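A quick write-up on the structure given underneath.
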Protein chains: 2
Amino acid sequence: MIAFEEELRRYPNTGRFLAGRLRHSMSQDERLRLEDMVSAVVHHEAGDRIIARGNTCDNSTMLVEGFMVRTLESNGKRSIVSFHVPGDFVDLHCFALKRLDHNIDCIGPATVAQVPHDRIKATMADDPHLSRLLWFSTLLDAALHREWIMKLEQLTTPRRIAHIFSEIGCRLGMVGLGRPDGFDTPLTQSDVADMCGATAIHANRAFADLRRRDLLIFERGRVHIPDCAELHAYADFHPDYLYGEGDLALETEDA
Amino acid sequence: MIAFEEELRRYPNTGRFLAGRLRHSMSQDERLRLEDMVSAVVHHEAGDRIIARGNTCDNSTMLVEGFMVRTLESNGKRSIVSFHVPGDFVDLHCFALKRLDHNIDCIGPATVAQVPHDRIKATMADDPHLSRLLWFSTLLDAALHREWIMKLEQLTTPRRIAHIFSEIGCRLGMVGLGRPDGFDTPLTQSDVADMCGATAIHANRAFADLRRRDLLIFERGRVHIPDCAELHAYADFHPDYLYGEGDLALETEDA
DNA sequence: AGCGCAACCCAACTAATGTTAGATGTCTAC
DNA sequence: GTAGACATCTAACATTAGTTGGGTTGCGCT
């Protein structure tokens, strides 16, 4: 706790983004209890692997600043299966799963808050409502996976890319990091290709296509979106599945 | 409870498959407590929609007999994002999510056990270890989603189909429903196509391809697998992600 | 038996994506 | 400042998948 308070002073964003995705469903008191669960704030370099597939861990990690991706590898080929923005509890999974089935890697430098598993255990025993919110946060990941499966099954590469950037923009907006006209990201075209199941060359063709249509201009980490609504329409992007404000939003009733 | 006991006598498989996936991690006592959570056993016809996207529900459903799929729809096009075999807790998600982001549909007739949400709430308050197992069961769905995202990103249609059938065979085996040389399923080629993000025509080509290679013979719901190991190799199928007996298997330590 | 429907099968053509082989630009290490 | 690494971009050709327009088979119904 002390360590965390110190870090909090040093990195004023830390507190702000804690459980960004859940903030609408948490009482002020729960928010404080969640912050109390944090034992330390840690920095990582670009490319760092926070957790590797098959490892056990005693901590779970909340992303405070930066971008992270979940990856799986097969025959030396990397697949990116999801990504995370500040405010996401990136590996709460490894609390209940113990051994994780995937890797979590930093894209660009990142700051994270660590939550020891014994504090989560204590919460499970003491605080059913907060437990349920933590559970919810992992189910949200599953819902994002499902949406992404659908998009892989239905969309062409340019539309997949449009969908990814729509989602990133929207999720950044949900934690107060959005700009209406775009955002900056450490993702490369080749990372995006690995998210789409396309080759980097084909992803590049798709980016050129989106540029020609004036839907999305991506250059060296700078994403410019001239018209958000048009991009969403092209990608068939409907943000309900993010469980933000839309149809599916979580009710704040008590457990 | 009474209702359930009656049904249990009438359908002797009911108890056998309860929480099939979790059975190795549960004590006998927990198993009984889980069975106590069941309020009723219900039958469904082929094509029935158990839960529709956007609905709330007071019950969660455990699949006792039959096959089910999770579907999402966009522009009238159906995507199947995952499937379930007996022993799976198919919509525990809607306990923590409240409004579900997807549909759950029966493929062929099905028997399910219903678990009221207030009993799950009680479990969350009383029994941290069983709660954690329930949580685990939903995280398992997320792990399956991730594997499937990777396969969509990496494999051609024939290999995707080989992977799906490898997984089904394996999951049936894990709950004692396997045959070494194949299985029966109410899935049609067109269902499988919707799982792969391919057209039914292309799926048919892929089935012909698999038949020619003598890896998998699928005809009218009858799946014959001449050599399981060869099919797995062709599909690059490694069942660790099912969290059965492999590297990643859940430890049975207490919460 | 004969009808109708659904699942399955097939071929020819078109569109999307992968592969190979580069060229160019930008940043960092030395 | 130069070399090397890496990201981006492009073109030509090969493979995979979608589309169109059929045909065949099996099964339930009357």
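The values are calculated or read from the model by the stated rules, or taken from the named source; none is laboratory data. Quantities reported herein were computed from a predicted structural model and do not represent experimental measurements. Cβ coordinates were reconstructed from backbone atoms using ideal geometry, including for glycine residues, and neighbour counts include every protein chain displayed.
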Inset, instruction - Please state which of the following conditions A:GLY66 fails to meet, knowing it meets all the rest: (1) modelled with pLDDT under 90; (2) at positive phi. - result: (1)
Legend entry - Positions within the stretch A:93-122 being farther than 30 Å from A:ALA198 by Cβ and of a type in the set (A, V, I, L, M, F, W, C), in sequence order: A:PHE95, A:ALA96, A:ALA113, A:VAL115, A:ILE120, A:ALA122
Inset, instruction - Could you check, for the stretch B:106-129, whether at least one of its residues is more than 14 Å from DNA strand C (Cβ to nearest atom), out of contact with any helix residue (DSSP H, G or I) (no Cβ under 6 Å at 6 or more places or on another chain), within 14 Å of another protein chain (Cβ to nearest Cβ) and modelled with pLDDT of 95 or more? - result: no
Legend entry - the stretch B:173-217 - residue that is more than 12 Å from DNA strand D (Cβ to nearest atom) and touching a His at 6+ places or on another chain (Cβ under 8 Å) and, of those, farthest from B:HIS163 (Cα to Cα): B:ASP181
Legend entry - Restricting the stretch B:49-78 to residues that are at the interface with another protein chain (Cβ under 9 Å from one of its Cβ atoms) and farther than 24 Å from A:SER137 by Cα, the residue that is surrounded by the most Cβ atoms within 10 Å (Cβ to Cβ): B:SER74
Legend entry - Number of the exception - B:ARG146 against (1) under 22 Å from B:VAL192 (Cβ atoms); (2) assigned to a strand (DSSP E or B): (2)
Inset, instruction - Report, ordered by the first and then the second residue, all pairs with beta carbons closer than 7 Å, sequence separation of six or more or different chains, a first member in the stretch B:179-196 that is away from chain A (no Cβ under 14 Å), and a second member that is among the basic types (Lys, Arg) and within 12 Å of DNA strand D (Cβ to nearest atom). - result: B:ASP184/B:ARG222
Legend entry - helices (runs of 4 or more DSSP H) completely within the stretch B:160-240 that count 1 or more residues being within 13 Å of DNA strand C (Cβ to nearest atom): B:189-196, B:200-212
